[in-house]
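Throughout, read-outs are computed from the coordinates displayed, never taken from laboratory work. Keep in mind the model is a prediction, meaning the values are calculated, not measured. No Cβ is skipped: glycine too gets one built from the backbone with ideal geometry, and neighbour counts run over all protein chains shown.
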Amino acid sequence: MSSSAASVSLVGGVPAFDFANTASGRDSPTPFENLHAPSDLVAWARHAGIVDEAGARRCLAAFDADAGVAQRTFRHALALRDTIYRIGSALASGGKPEGADLRVLRDHAQRAIGSGELAPAAGGGYRFDFSEASPEAALIGPLALSAIDLLATADFSRIKQCPGHGPGNDCQWLFLDLSKNNSRRWCDMATCGNRTKAKRHRARREHHH
């Protein structure tokens, strides 16, 4: 697949944030988008472990069979992504999510849960199994549930938004800081952290000359 969707870094700490991070620099003049078509959504979901190989094939087959289903699923997924992004940004800045965003999240979860089954999970316990559900529920359900789980259980002081500046855009990626002493500042030291450091270093050097 030529799409960049299957190679996006998964540094969000939870699937909901990894999904929000498939776009970056939303408020900058040069936003960057990894999901351009319904097939990109499936490629990303496979990459992120939201669906397995069989699930991905099933979704693609359903999309091939019905372009309307494909477009609707894609539209709903991107709407959920924006909602998760706004909720995460609000929490990262110490604010509260908008009631409207929480309702959108609930509606997505409600729709998806309606077609999932509670089944034993691999590691023990139970989880929602969407393997027999509609492609929309299979792709969106786990992401909506991830966001709700985050709202229910996360330490909000660990929800952060990367201040990094990427090539031509602002990162703004969301992540749950799982480090021991809650000290992560960057989504990913390798990209944003080092790039910003290099930029600062360069600026300092130029300042002295």
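Data for the structure
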{"quantity": "For the chain, alpha-carbon Rg relative to the globular expectation (2.2 N^0.38 Å, N residues)", "calculated": "1.08"}
{"quantity": "Selected from Gly125, Leu139, Leu178, residue furthest toward positive end of dipole (the chain; charges at beta carbon)", "calculated": "Leu178"}
{"quantity": "Gain upon complete extension [Glu132, Asp155; 0.36 nm per residue less C-alpha separation]", "calculated": "5.0 nm"}
{"quantity": "Estimated 222 nm signal from helices in the chain, with DSSP H stretches of n ≥ 4 weighted -39500 (n - 2.57), rounded to 500", "calculated": "-16500 deg cm²/dmol"}
{"quantity": "Cβ-placed point charges (K, R +1; D, E -1), dipole of the stretch 104-145 about Cα centre in debye, nearest 20", "calculated": "140"}
{"quantity": "Taking the chain and dividing mean pair separation by its residue count, relative contact order in percent (alpha carbons under 8 Å, at least six apart)", "calculated": "25"}
{"quantity": "Gain in span if fully extended, Ala190 to Glu33, counting 0.36 nm per residue against the direct Cα distance", "calculated": "54.5 nm"}
{"quantity": "Cβ charges +1 (Lys, Arg) and -1 (Asp, Glu), total dipole of the chain, debye", "calculated": "1120"}
{"quantity": "Helical segments meeting 20 Å axial Cα length and Kyte-Doolittle 0.0 threshold in the chain (DSSP H)", "calculated": "67-92, 135-153"}
